[in-house]
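For reference, the structure discussed in these notes is given below.
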Amino acid sequence: MRVTVLGGSGAWPAADEPCSGFLLRHEGFSLLVDAGYAVLPRLLELMPAEQLDAVYISHGHPDHCADLNPLLRARALGGADPDPLPVYAPHRALDAVLALDRPGMLDAALARHDFAPGAGFAIGPFELRTALLPHWVPNAAVRVTAGGRSVVYTGDGGPSPALVELARGADALIAEATYPEVMAADDAPYLSTAGQAARQAAEADVGRLVLTHLWSGSEPGEYLDAAARQYDGRIGVATAGLSFDA
């Protein structure tokens, strides 16, 4: 399974870094995991919109799903007439982004699959298992398995035993780390620091930790240092263009 980072900026995109978006490919099948602000242009550098096979959205905040709108517009209006795009998301997570256009405009471009976090299902060659993480809105972390390899992605969420269980023994954990080590008390139940993400990676015994959702414009070295104090495996930062085999 090949993982390509399309973006990893938290909250809003930087000039050279889109928000959350990850392209997973296996056996010719392409799955986009999250579609935050400015992700679509990076995806289009790799493939035409009509060649994408499916989308998974972790939750309904716009830095994780806003570019679903232009993606669906490209498929609906681009002239290639592809099959409807399967999009998997927690119940009601897509309501706001799909309401950006007039009713019915994008219906033919979309095959909507709503689910409750905790569900498991298959998308093409990928087996998915999800878990609810604490966040302001329902957020479905996901474990994606193909070819005997597994990648776990948190979306956003505060520290939780559910993540450790979901990630146990995974080859890679892509973990939200909005702050290096300290955050505001109001955010603490709903987001994670790099140190917290690393502690959970160590507890789950994952093979690689990739920090994502860093506060836009922050210094990645602070996050890497904080994570290295808690986890002695491979650590990286999700930046657009990074690719690795799980």
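Of all residues being part of a loop (DSSP other than H, G, I, E, B) and of a type in the set (A, V, I, L, M) in the stretch 214-246, which is surrounded by the most Cβ atoms within 10 Å (Cβ to Cβ)? Just the residue, please. Ranking the candidates gives ALA238 first. Scanning the stretch 11-20 for residues that are part of a strand (DSSP E or B) and farther than 10 Å from ASP63 by Cβ yields a count of 2.
Are any residues in the stretch 15-31 of a type in the set (A, V, I, L, M, F, W, C), out of contact with any helix residue (DSSP H, G or I) (no Cβ under 8 Å at 6 or more places or on another chain) and surrounded by 18 or more Cβ atoms within 10 Å (Cβ to Cβ), and if so, which ones? It would help to see each step written out before you state the result.
Narrowing the stretch 15-31 to residues of a type in the set (A, V, I, L, M, F, W, C): 15, 19, 22-24, 29, 31.
Now drop any that are not out of contact with any helix residue (DSSP H, G or I) (no Cβ under 8 Å at 6 or more places or on another chain), which leaves 15, 22, 24, 29, 31.
Within the stretch 15-31, PHE22, LEU24, LEU31 meet the criteria.
Quick check: anything in the stretch 64-73 more than 21 Å from PRO138 (Cβ to Cβ) and either acidic (Asp, Glu) or crowded, with 23+ Cβ neighbours inside 10 Å (or both)? Scanning the stretch 64-73 turns up at least one residue that is more than 21 Å from PRO138 (Cβ to Cβ) and either acidic (Asp, Glu) or crowded, with 23+ Cβ neighbours inside 10 Å (or both).
Total residues in the stretch 177-202 satisfying the condition of being surrounded by fewer than 17 Cβ atoms within 10 Å (Cβ to Cβ) and either closer than 11 Å to PRO159 by Cβ or within 17 Å of the chain's Cα centre (by Cα) (or both): the figure is 2. Between TYR37, TYR56, the distinction of being surrounded by 19 or more Cβ atoms within 10 Å (Cβ to Cβ), hydroxyl-bearing (Ser, Thr, Tyr), touching a helix residue (DSSP H, G or I) at 6+ places or on another chain (Cβ under 7 Å) and closer than 20 Å to GLY8 by Cα belongs to TYR37 only.
Would you mind stating whether GLY79 is more than 19 Å from PHE126 (Cβ to Cβ) and in contact (Cβ under 8 Å) with a residue 12 or more places away in the chain? It is false that GLY79 is more than 19 Å from PHE126 (Cβ to Cβ) and in contact (Cβ under 8 Å) with a residue 12 or more places away in the chain. Pick from ASP53, ASP67: which is within 21 Å of GLY78 (Cβ to Cβ), in contact with a Ser or Thr (Cβ under 6 Å, 6 or more places away or on another chain) and not aliphatic (A, V, I, L, M)? It is ASP53.
Test of understanding: among ALA74, ALA108, ALA80, ALA89, which residue is farther than 14 Å from SER20 by Cβ, of a type outside the set (Asp, Glu) and either modelled with pLDDT of 95 or more or in contact with a Phe, Trp or Tyr (Cβ under 6 Å, 6 or more places away or on another chain) (or both)?
Numbers: ALA108 fails: either modelled with pLDDT of 95 or more or in contact with a Phe, Trp or Tyr (Cβ under 6 Å, 6 or more places away or on another chain) (or both); ALA80 fails: either modelled with pLDDT of 95 or more or in contact with a Phe, Trp or Tyr (Cβ under 6 Å, 6 or more places away or on another chain) (or both); ALA89 fails: farther than 14 Å from SER20 by Cβ.
Only one candidate qualifies: ALA74.
Out of the stretch 73-95, which residues are at negative phi, under 18 Å from the mean Cα position of the chain (by Cα) and of a type outside the set (Phe, Trp, Tyr)? Spell out the reasoning first.
We begin by selecting, within the stretch 73-95, every residue at negative phi; these are 73-78, 80, 82-91, 93-95.
Filter once more, keeping what is under 18 Å from the mean Cα position of the chain (by Cα): 85-91, 93-94.
Passing the criteria: LEU85, PRO86, VAL87, ALA89, PRO90, HIS91, ALA93, LEU94.
The values are calculated or read from the model by the stated rules, or taken from the named source; none is laboratory data. This structure is a prediction, so every number in the text was calculated from the model and none was measured. Don't worry about glycine lacking a Cβ; one is built from the backbone with ideal geometry, like all the others, and counts go over all protein chains shown.
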